[in-house]
Amino acid sequence: MRCAWGRVALGAGAAVTATLLTVSGTPLLLHQATALTLPPSAAPGVPAGEAGTDALAVRVLSSRPDAVAGGTALVRVEVPPPAEPHQVRLEADGSDVTETLRPVHAPGDGHVLEGVVTGLPEGTTALVAGLTDEAVSAHGAGAPGEGRVVVTSHPAAGPVFAGPHQDPFVCQTGSFALAWGGDLGAPLDEDCSARTVAGYVYRSVDGRFLPLPREDVLPSDVAHTTTSTGERVPYTVRVETGTANRAVYETAVLHDPREPGPDPWNAPEGWNRRLVYTFGGGCPGGWFVQGARTAGVVDHGMLSQGYAVASASLNVFGNNCDDLLAAETMSAVKQRFVLSHGVPDHTLGWGSSGGAYQSHQIADNYPGLLDGIVVSQSYPDVGFSTVPAVTDALLLRTYAEAHPDALSREELRAVSGFGTWEGIGAMADAAARIDPRGVCPSALPAEERYHPRDHPDGARCDVFSHARNVYGTDPDSGTPRRPLDNVGVQYGLSALVDGVIDVDRFLHLNEHVGGFDGDGAVVPERTVGDASAVRSAHDSGRLLYGGGGLAEIPVVDHRPYQDHAPDGDIHMRYHSFSTRERLLAANGDADNHVMLVEEHSGGVFSADRPVAGRALTELDAWVTAAGELALEEPGTAPADRLRRTRPEWLTDSCWVGDERVVAPQRPWPKGRGDRCADAFPTYGSPRTVAGGPLASDVVKCRLTPFDEAAHPAEFDERQAERAGEVFAEGVCDWSVPGEGQRPPRGTWQSF
């Protein structure tokens, strides 16, 4: 795999006054710049080229230079004095593409040139900016040198960095409903491509989104809205729909259809220059399909304030439960947005549950795509915070069914660590994600699905098969490698120490709890994680590290509390603390992480609800202020900028009834006595009860021989002998890092 560490300076944009500039003797309108600071969030931390400060500089604005999709890039050429823009020549591998450029004014950089370069072939192309021969002669020794950047173009359908495409793959463009009516139509090729279309909806005065009947006349019932920048505009929304990276994408922005269409230099009046990227939840069934929906872009709470909104079908984990492919898709869709509208001042992530997985891991592993995130019902990641919890729950449920008199309900709940006994069932059901026949999408034909006897080479509908580009496959069996392990886990350890269960029950549980075979079925033997997959989990960033890009952006964790849900729920509060623990371990602090907790109710995570909606606008203010500080004090560390600019409202808080309680959030029982901890107690998982860390960051624990003398519980001679047999391979030593546990190899890795 290839990797490159990158960092992005949080920036903010500003409008400028249009003036006139002469290019090649012709007066041209000087356009608004696409971004205030470089590199913009779309292209973080990549050198501009091989030029010095006294040379021309060539930068790619629409994506990273090595992640161009579809052969098209928005390019900027910076022109140092004494050269003038009309003296610049731009070539792409020797071909003159100067005609694509136009003059713009970039605050801080003066007059620059920007243009959309198309037709870049797949592979690498050198973009070289220099002066015309006449200009070189005129300036003599003072003439700036050439600037260059090498871009790498990939197919519009990918792959870019996520590795080979999944096969089979079911196209669903014909089922994708357009915001203004109709569908996207049949796919144009085997990569599920579709035409790009744009249409309009409007917000009526009675609060409904309706298709706009005509684009030249606004309906009499159209509402108006005042954006966050104070612009009062008709509430009409341009929605663009197309395909990128084999996903269907949507973008939405306030735009009056009577005005010229947007481009990188003519933004709609109602756009506040911010982009919100929405991520959808789910996981089981999220494989082998394109998806017939995004996470939604026609969002009143966002659009009414002037935010542009973007999403894609492969950024819904119910369609694609792979954060790596989700990151690649977001990169491609954001590029499409920039090419159509220009570079946003910053991009904010918004996602719940499976959308939180994506937000965390995209921000950490592919820094610069997101400048701040609001997550709800969060987990750190899918593979190592969720999968062990749900698979352990399935083992406990299976054990209880096989040994109904072994443990009472309360004893089993204590062993599980969950807030309710019912939580065991809810979590166990979610373990279907490791079963290759567990949850296949209905769109995947039955004859293409895996069956151990009838179709062993069929499509395996499980999370590890979906991640084979990272973990690989076993060379002997051809099955996906799995970083799933429970060898040495002392299930129920804390319940034993607390006196909830006795030693004999503890030993019986651990003797019979079992593990999983290669097809996700419960078997008597413990599960042995594949050593290569365990190393890859850490090296690749599939286990959320927290010290990459996530360390340098604001993270607002909104938790609708569900630990006491009557039927159990997998969205447990301790996952928020797991993320915070990882940030602390990686960075020494978690000052960029804010927890907001309230009672769960339908639709509570919405941009037009009091807590979540306020969180979005405050996050926007935080990112903006940090960007302004970066301009004022460019040498300031990103973490310090975030500490100094965090809005007062964004402070750890909970809502008890209608009252907001501002207080540091602490896990229960450590926080017992705090109003928030008492109102919203934090529980755990079978692994935390077994002594595992709250961070849930150990994939495979290191083993140490069972030692009766060092054990926190008392064993008699017979029990000690039996324990040595039950834990013949040893017990987990949670005081040391796990097998292969280390920081990722870097960010922006390719597979």
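Every number in this text was worked out from the coordinates using simple rules, so none of it is lab data. Note that the coordinates shown come from a computational prediction; the quantities given were computed from them, not determined experimentally. Every residue, glycine among them, receives a Cβ derived from its backbone with ideal geometry; neighbour counts consider all protein chains shown.
Annotations
- The stretch between ASP716 and ARG644 holds 20.2 nm of extra length on full extension. This uses 0.36 nm per residue minus the Cα-Cα distance.
- Local charge for PRO257 was computed over the other residues whose Cβ lies under 9 Å away, with Lys and Arg +1 and Asp and Glu -1, and equals -1.
- Inter-site label distance for ALA728 and THR118 at 7 Å from Cα along Cβ, in nm: 6.9
- Averaged over residues, the count of other Cβ atoms within 10 Å places the peptides 116-122, 81-87, 293-299 in the sequence 293-299, 81-87, 116-122, highest first.
- A simple charge model with +1 on the Cβ of Lys and Arg, -1 on the Cβ of Asp and Glu and nothing else charged puts the dipole of the chain at about 960 debye relative to its Cα centre.
- Computing Rg and the Kirkwood Rh from the Cα coordinates of the stretch 536-634 gives a ratio, Rg/Rh, of 1.03.
- Against the empirical 2.2 N^0.38 Å (N residues), the stretch 298-431 has a Cα radius of gyration ratio of 1.38.
- Residues of the stretch 356-392 with amide N under 16 Å of a point placed 7 Å along Cα→Cβ from LEU584: 380
- Listed residues TRP668, GLY568, GLN377: farthest to the positive end of the dipole of the chain (Cβ charges): GLN377
- Mean silhouette area of the stretch 413-514, derived from the convex hull of its C-alpha atoms and averaged over all directions, reads 9.0 nm².
- Ordering TYR249, TYR491 from the fewest to the most neighbouring beta carbons within 10 Å gives TYR491, TYR249.
- Comparing Cα centroids, the stretch 305-364 and the stretch 125-160 end up 30 angstrom apart.
- The alpha carbon convex hull volume per residue for the stretch 423-473 rounds to 100 Å³.
- Fully extending the segment from ARG195 to ARG675, taken as 0.36 nm per residue of separation minus the present Cα-Cα distance, adds 167.4 nm.
- Gyration tensor (alpha-carbon) shape descriptor, the stretch 611-751, a/c threshold 1.5: oblate
- Alpha-carbon Rg/Rh ratio, for the stretch 447-598, with Rh computed the Kirkwood way: 1.03
- Per-peptide packing, taken as the mean over residues of other Cβ atoms within 10 Å, places 539-550, 305-316, 175-186 in the sequence 305-316, 539-550, 175-186 from highest down.
- You can think of it this way: the chain between THR636 and GLU511 has 39.5 nm of extra reach, that is 0.36 nm per residue less the Cα-Cα gap.
- Rg(Cα)/(2.2 N^0.38 Å) for the stretch 470-538, N = residue count: 1.38
- Here is the size of the chain from its Cα atoms: Rg then Dmax, 27.4, 97 Å.
- Tail beyond 21 Å, pair distance distribution of the stretch 683-751 (Cα, percent): 41
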